[in-house]
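Step one of this worksheet: look at the structure below.
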Amino acid sequence: MHIFGLTGRRGSGKTTLMIKLVPELTGRGFSVSAVEHAHPPFDIDRPGKDSYRHRAAGAAEVMVASAKRWALIHAHHGASGPGIDDLMAHLTPVDLLIAEGFTRESHPKIEVHRPAQGQPPLCANQPHIVAVASDAPVDGLDVPVLDLGDIASIGDFIVDYCGLEAD
């Protein structure tokens, strides 16, 4: 399974790019999954729900299942959060896993950068950022700068970088 990431500062448009890239890549015949790094106090079950009560009672894992989907909730109980490789071990293999966030992990990433936010690009200090997608020109970078509005070209970059071939 290939992994490729999207990173950037808060509010840069990582999720917007992700939800445009997934149909672009699946439309080319690739199977794609997504993983997102969330910050505390992230929680998918809510007080009063049975899954919340099971976890609050001390269950290490709680699985919620229906006819249309299932979710596994794993409680760390004080341990540090898992790395991307640990998370990948729980996923069904696909052609491409797109990881949103996980900036310091070692997989290749595109940084979503918006100069109007007034912040410098992250790529100068993050060796695994292999390109920047921006809504305006960005000069002086050691990585390719892609047009954030050209989803097909960003898809081409990822496909080429990962060496993916459609069936």
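Where a number appears in this text, it was derived from the coordinates with a stated rule and is not lab data. Only a predicted model underlies this, so the values are computations on that prediction, with no experimental measurement involved. All Cβ positions, even for glycine, are placed from backbone atoms using ideal geometry, and neighbour counts span all protein chains on display.
Each Lys or Arg adds one and each Asp or Glu takes one away; over the other residues whose Cβ falls under 9 Å from the Cβ of ILE129, this sums to 0.
Using Rg and Dmax of the Cα atoms in Å as the read-out, say which of [x] 16.5, 53; [y] 17.7, 54; [z] 18.4, 69 was calculated from these coordinates. The value computed from this structure is option [y]. Other residues with beta-carbon under 14 Å from the beta-carbon of HIS76 carry, at +1 per Lys or Arg and -1 per Asp or Glu, a net charge of -2.
Residues of the range 79-112 with an amide N closer than 20 Å to a point placed 7 Å from the Cα of THR26 along the Cα-to-Cβ direction: 88, 90-101. Taking other Cβ atoms within 10 Å as a rough exposure proxy, SER12, SER51 sort from fewest to most as SER51, SER12.
Mind pulling the angle between the C-alpha long axis of helix 14-26 and the longest principal axis of the chain? Nearest 10 degrees, somewhere in 0 to 90. Approximately 90 degrees, to the nearest ten. The antiparallel fraction among DSSP beta bridges confined to the chain stands at about 20%. Give the angle, between 0 and 90 degrees and rounded to the nearest 10, that separates the Cα long axis of helix 151-162 from the longest principal axis of the Cα atoms of the chain. Between the helix axis and the principal axis of the chain, the angle is about 80 degrees.
Among PHE102, GLN126, VAL143, which residue has its Cα furthest toward the positive end of the charge dipole of the range 63-167, with +1 on Lys/Arg Cβ and -1 on Asp/Glu Cβ? Farthest towards the positive pole: PHE102. Paramagnetic label reach from ARG104 (point 7 Å along Cα→Cβ; backbone nitrogen cut-off under 19 Å): within the range 1-30, residues 5-10.
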